[in-house]
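Working notes, beginning with the structure itself.
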Amino acid sequence: MINSFQLCVDAAAESRLELILIGGHAVNARGYLRTTMDVDFLIPKADLENWKAILASNHFHLIHETKAFAQFQPSEPDGFRVDLMLVDQPTFAKLHAGSEVLQYGPCRVRVAGVLHLIALKLHATRTWDRAVQGKDYYDILQLIRINHVKPDSPELQEILTRYATPSIKERLLSDLQRAL
């Protein structure tokens, strides 16, 4: 089986490319364990061609690409898909500054900061299909609880105001208040 996660972490180190773990594996690394079937990384958009070459040389095939995402499927059926979120350099620098290197499984990997991960998850809930699935909501709720983010903190309030729909913001604050 291709270990997609290890492959990307090793390739980044060998190629001197930067990446930040986001998505389900970042949620796991931040303390809320849940199943995920892909590996998500945030990268500078300028590095996409390098990643395409690295992944192609390791038998991954580009299956979908937009301005903001590129998805790669391994040739082996039991490997994890690799999803790359593409951002400009200033955005990457901001998220990099708020991230930290954590031990996750056998690797040390740069993981998005809790508040940035919450913002990314809230942004994802704005799409109908992600909102219906509901997993992002529970990721957000558990990230706040497990990482002791104060619901009334100015930082979280700013993120909720900027990225949450009014109904998600109201529901989150209500659910967090009940947990206190």
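The values are calculated or read from the model by the stated rules, or taken from the named source; none is laboratory data. Model, not experiment: these values are computed from the prediction. In this analysis, Cβ positions are derived from the backbone assuming ideal geometry, glycine residues included, and neighbour counts consider all displayed protein chains. Ligands, DNA and RNA are excluded from the accessible area calculation, which covers all protein heavy atoms including side chains. Shrake-Rupley method; radii C 1.70, N 1.55, O 1.52, S 1.80 Å.
The residues on offer are ASP78, ASP83, ASP136, and the sole one that is closer than 23 Å to CYS8 by Cβ and free of Cβ contacts under 8 Å to residues at least 60 places away in the same chain is ASP136. For region 28-53, filtered to residues that are modelled with pLDDT of 95 or more and in a strand (DSSP E or B), the residue that is surrounded by the fewest Cβ atoms within 10 Å (Cβ to Cβ) is PRO44.
So which residues in region 72-126 are β-branched (Val, Ile, Thr), part of a strand (DSSP E or B) and open to solvent by 10 Å² or more (accessible area, probe 1.4 Å)?
If we filter region 72-126 for residues that are β-branched (Val, Ile, Thr), which is where we start, we get 82, 87, 91, 101, 109, 111, 114, 118, 125.
Still in the running and part of a strand (DSSP E or B): 82, 87, 101, 109, 111.
Once the filter is applied, which keeps residues that are β-branched (Val, Ile, Thr), part of a strand (DSSP E or B) and open to solvent by 10 Å² or more (accessible area, probe 1.4 Å), region 72-126 yields VAL87, VAL101.
Residues in region 1-27 that are of a type in the set (Val, Ile, Thr) and either in a helix (DSSP H, G or I) or under 16 Å from LYS121 (Cβ atoms) (or both): VAL9, ILE20, ILE22, VAL27. Note on region 140-173: residues that are β-branched (Val, Ile, Thr) and touching a residue at least 60 places away in the same chain (Cβ under 8 Å) total 1. When restricted to residues that are open to solvent by 100 Å² or more (accessible area, probe 1.4 Å) and closer than 13 Å to LEU115 by Cβ, region 156-166 contains 2. Quick check: anything in region 120-139 of a type in the set (S, T, N, Q) and at pLDDT 90 or above? Within region 120-139, none of the residues are of a type in the set (S, T, N, Q) and at pLDDT 90 or above.
Condition check for LYS150 on (1) open to solvent by 10 Å² or more (accessible area, probe 1.4 Å); (2) in a helix (DSSP H, G or I); (3) touching a helix residue (DSSP H, G or I) at 6+ places or on another chain (Cβ under 8 Å): one failure, at (2).
Taking LEU141, is it open to solvent by less than 80 Å² (accessible area, probe 1.4 Å), closer than 19 Å to GLU18 by Cβ and hydrophobic (A, V, I, L, M, F, W, C)?
Values: open to solvent by less than 80 Å² (accessible area, probe 1.4 Å): yes; closer than 19 Å to GLU18 by Cβ: no; hydrophobic (A, V, I, L, M, F, W, C): yes.
Answer is no for this residue.
Any residue in region 48-64 that is under 15 Å from SER4 (Cβ atoms) sitting within a Cβ distance under 8 Å of a residue that is open to solvent by 30 Å² or more (accessible area, probe 1.4 Å) and acidic (Asp, Glu)? List the pairs, counting only those 6 or more apart or interchain. From residues that are under 15 Å from SER4 (Cβ atoms), the pairs are HIS59/GLU76.
A single entry from PHE69, PHE41 fulfils the requirement of being without any contact (Cβ under 8 Å) to a residue 24 or more places away in the chain and within 13 Å of the chain's Cα centre (by Cα): PHE69.
Of all residues in region 18-36, those that are closer than 10 Å to LEU102 by Cβ have Cβ atoms under 9 Å from Cβ atoms of residues that are hydroxyl-bearing (Ser, Thr, Tyr), 6 or more apart or on another chain, in LEU21/SER99; LEU21/TYR104; ALA26/TYR104; ALA29/TYR104. Considering each residue of region 55-69 in turn, none proves to be of a type in the set (Val, Ile, Thr) and part of a helix (DSSP H, G or I).
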